[in-house]
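Undergrad: What follows is a single structure, and I will ask about it in a moment.
The values are calculated or read from the model by the stated rules, or taken from the named source; none is laboratory data. Just so it is clear, the structure is predicted and the values come from calculations on it, not from any experiment. Note that each Cβ is placed from the backbone with ideal geometry, even for glycine, and that neighbours are counted across all protein chains shown.
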Amino acid sequence: MKVQAVIFDLDGVLTDTAEGHYLSWQRVCDEEGIPFTRQMNEQLRGRRRADSLRLILGERQVDEATFNAILARKNAYYLEYLETLTPEALLPGIPQLLDALDAAGIPYAVGSASRNARRVLAQLGVLERFAFVGDGNTVARAKPAPDLFLAIAQALDVSPAASVVVEDAQAGVEAALRGGFGVVGVGP
Ligand code: G6P
Ligand code: MG
């Protein structure tokens, strides 16, 4: 069967923004006196912002206002980091892969848990290339629920079985499999 569409995860697939998320979490955790390590950051791949903070806090209790203030500050730091992002930050081979998909007439989209997905794609200079951008605002249930990828397949009018998802996070691979997509896992 001919592949009808490709859905790319963003962070860790098109670009390596894990470092920016790490630096932003580290900064806010240092300010709050919350322990945080690179190893913990790896657990946050593919996780929404609030879910990430819940994982970081573990047993620690904070009131709702503090919780939201930490999220807002983390995102402000991450937005500062995004200012430094340029097309150079596309991972090796991505521009060539997008060119090859264009040449083959295969549409491609982004399916990311990030609410900053459009901004990241704009900084990378590729926002306009994608047929659809599904982000952290597109559906209510996050990966590993298949909802985001299914919503994108519907928007592109393609069947999941004839589409391929490219993911670096376990939750994302699971979401793709649950939705009946072909899936390519990248990274560790
Ligand atoms: C991606 C990243 C996660 C990040 C999430 C939310 O899935 O892999 O590390 O927490 O997006 O990103 P946001 O930009 O909305 O804070
Ligand atoms: Mg990812």
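One line per residue, one yes/no per condition, for (1) over 13 Å from the mean Cα position of the chain (by Cα); (2) within 16 Å of ligand 2 (Cβ to nearest atom):
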site: R49; (1), (2): no, yes
site: L90; (1), (2): yes, yes
site: I106; (1), (2): yes, no
site: V120; (1), (2): no, yes
site: F130; (1), (2): yes, yes
site: P146; (1), (2): yes, yes
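Undergrad: Working carefully through the options V158, V165, find the one that is away from ligand 1 (no atom under 13 Å from the Cβ) and assigned to a loop (DSSP other than H, G, I, E, B). Walk me through it before giving the result.
TA: Working: V165 fails: assigned to a loop (DSSP other than H, G, I, E, B).
Answer to the selection: V158.
Undergrad: To continue, here is another question. Kindly indicate whether A76 is assigned by TED's automatic domain parsing to the domain that holds A162 and within 18 Å of the chain's Cα centre (by Cα).
TA: Values: assigned by TED's automatic domain parsing to the domain that holds A162: no; within 18 Å of the chain's Cα centre (by Cα): yes.
Answer is no for this residue.
Undergrad: Now for a separate question. Those residues that are more than 10 Å from ligand 2 (Cβ to nearest atom) and either closer than 19 Å to P146 by Cβ or modelled with pLDDT of 95 or more (or both), I need them from the stretch 2-14; list them, please.
TA: Residues satisfying the conditions are V3, Q4, A5, V6, I7.
Undergrad: Wholly within the stretch 17-98, which helices (runs of 4 or more DSSP H) include no fewer than the required count, namely at least 1 residues that are in contact with a strand residue (DSSP E or B) (Cβ under 9 Å, 6 or more places away or on another chain) and either at pLDDT 95 or above or within 14 Å of ligand 1 (Cβ to nearest atom) (or both)? So that I can check it myself, show each step before the final result.
TA: On the way: elements: 18-32, 38-42, 49-57, 64-82.
Because the criterion is at least 1 residues that are in contact with a strand residue (DSSP E or B) (Cβ under 9 Å, 6 or more places away or on another chain) and either at pLDDT 95 or above or within 14 Å of ligand 1 (Cβ to nearest atom) (or both), the helices (runs of 4 or more DSSP H) in the stretch 17-98 that meet it are 18-32.
Undergrad: Against the definition (in the same structural domain as P146 (by TED's automatic domain parsing) and in contact (Cβ under 8 Å) with a residue 12 or more places away in the chain), how does L23 come out, yes or no? Working first, answer last.
TA: Values: in the same structural domain as P146 (by TED's automatic domain parsing): no; in contact (Cβ under 8 Å) with a residue 12 or more places away in the chain: yes.
When the stated conditions are applied, L23 does not pass them.
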